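Here's the structure, in structure tokens; my notes come after.
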Amino acid sequence: MKPKVVRECAELHSLVKSLHRQGLRIGLVPTMGALHAGHISLVKESLKNSDWTIVSIFVNPTQFAPGEDFEKYPRTLESDLALLEAENEKENIIVFTPSADEMYPKNFYSYVDVAGVAQPLEGAFRPTHFRGVATVVLKLFNMTRADVAFFGQKDFQQVQVIRQFVRDLNVPIEIRMSPIKREEDGLAMSSRNRYLSSEARQRALCLSDSLNRAKEMILSQNCRSRSAVEAEIRKILEHPKHSIDYAVIVDPETLLPRPGDEIVLPVAILLAVRVDDTRLIDNLVID
Ligand code: PAF
């Protein structure tokens, strides 16, 4: 059965009001569409943990800076709906796909600005990105009145930013993070992988290879020198057609390097690499 598609906030509002009146638990999976198995694993989690699942599909303009890929970001609503149809056995999936005018009407002036975890890494390379993410995600939380929201670990810093504003602003929602879904050869699933030529896609395996190598150094060889492991990661990522925005080992809570060179677990290893023109991110948390 095709999921119900809702385009307007007013319609969504009356639907969620009626679900809440019946005491039903609502799960939210926020997406920008171009759904892949990573998104579907979040939908499956939501279906397991909620009575109704709302999948939002909205390519959010405020999280793209000028010159980024907002215009070319894949918009594939028909195939997204077909993928969701396969999960909709119980007919309890709603797809919310608002227009930009619906989300950002004229005279829209309020934004969510997160400091701390939003500042390093993606925050340094894409200074307006998390403001756009936090704003749209809070709007989706308010519009769907979801009890629980599901995000993928691939955007590890994004999840930390969302957890931060949920805590700071007392937003009544539970945040769950699911493991990264990978292709068989290790490439982290991403809607942006479709930008890669087959040759670039092959080279892009250096991201997951470098994470595996770092894990091996830290856990099997007991190497506890951050600079040595980071140097090895960079060696694996380096290529004339790659440019590394960051490849760092940080404290998973603060997303900052711990003082000194010694690796003290837990750590998060976070990567952002431009492979040709495609910016890819990947990460690994070692507990
Ligand atoms: O992770 C994404 O796809 C987006 O950043 C999100 C959370 C849907 C907000 O636009």
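The values are calculated or read from the model by the stated rules, or taken from the named source; none is laboratory data. Because the structure is predicted, anything quoted here is derived from the model rather than measured. Counting neighbours? That spans all protein chains shown, and the Cβs are built from the backbone with ideal geometry, glycine included. The accessibility values were calculated without ligands, DNA or RNA, using every heavy atom of the protein model including side chains. Shrake-Rupley method; radii C 1.70, N 1.55, O 1.52, S 1.80 Å.
The table for this structure:
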read-out: For the chain, accessible area per residue (1.4 Å probe, heavy atoms of protein chains only), Å²; value: 47 Å²
read-out: Residue-by-residue Karplus 3J(HN,Hα) for the range 215-224, coefficients 6.51, -1.76, 1.60, Hz, glycine and proline x; value: 4, 4, 4, 6, 8, 7, 9, 6, 7, 10
read-out: Cα-based convex hull, the range 177-262, per residue volume (Å³, whole number); value: 127 Å³
read-out: Members of Lys48/Lys72; Lys17/Lys90; Lys181/Lys235; Lys2/Lys44; Lys4/Lys106 lying beyond 23 Å, as alpha-carbon distances in this model show; value: Lys48/Lys72; Lys181/Lys235; Lys4/Lys106
read-out: All-pairs Cα distance distribution in the range 223-287, expressed in whole percent, bin size 10 Å; value: 22, 52, 24, 3
read-out: Rounded to the nearest 10 Å², the accessible area of Ser197 at probe 1.4 Å; value: 60 Å²
read-out: Stokes-Einstein D (µm²/s) once Rh is taken as the Kirkwood radius of the range 15-172 over alpha-carbon pairs, at 4 °C in 1.567 mPa s; value: 79 µm²/s
read-out: Rounded percent of accessible protein surface that carbon and sulfur make up, the range 100-211, 1.4 Å probe; value: 47 percent
read-out: Theoretical FRET efficiency, 1/(1+(r/R0)^6), r = Cβ-Cβ of Ala124 and Glu8, R0 35 Å, to 0.05; value: 0.40
read-out: Carbon plus sulfur fraction of accessible area for the range 1-91, probe 1.4 Å, in percent; value: 53 percent
read-out: Alpha-carbon centroids, the range 92-152 and the range 179-233: separation in whole Å; value: 28 Å
read-out: Spherically averaged projected area of the range 111-226 from its Cα convex hull (nm²); value: 9.5 nm²
read-out: Rounded accessible area of Leu15 (nearest 10 Å², 1.4 Å probe); value: 40 Å²
read-out: The range 40-147: GluC sites (Glu not before Pro) falling in loop per DSSP and having at most 11 other Cβ within 10 Å; value: Glu71, Glu89, Glu91
read-out: Label-to-label distance, nm, for residues given as Ser227 and Leu205 (7 Å Cα→Cβ offset); value: 3.3 nm
read-out: Charge dipole (debye, nearest 20) of the range 2-155; +1 at Cβ of Lys and Arg, -1 at Cβ of Asp and Glu; value: 340 debye
read-out: Kirkwood hydrodynamic radius of the range 156-220, from inverse mean 1/r over distinct Cα pairs, in Å; value: 14.5 Å
read-out: Spread of Cα-to-Cα distances over 10 Å intervals beginning at zero, given as percent, for the chain; value: 6, 27, 35, 22, 8, 1
read-out: Simple spin-label estimate for Ser110 and Val264 in nanometres, 7 Å along Cα-Cβ; value: 4.1 nm
read-out: For Val95, residues with placed amide H under 5 Å, excluding near neighbours; value: Lys4, Val5, Val6, Val55
read-out: Calculated diffusion of the range 1-94, Stokes-Einstein form, Kirkwood radius summed over Cα pairs, 25 °C and 0.890 mPa s, µm²/s; value: 173 µm²/s
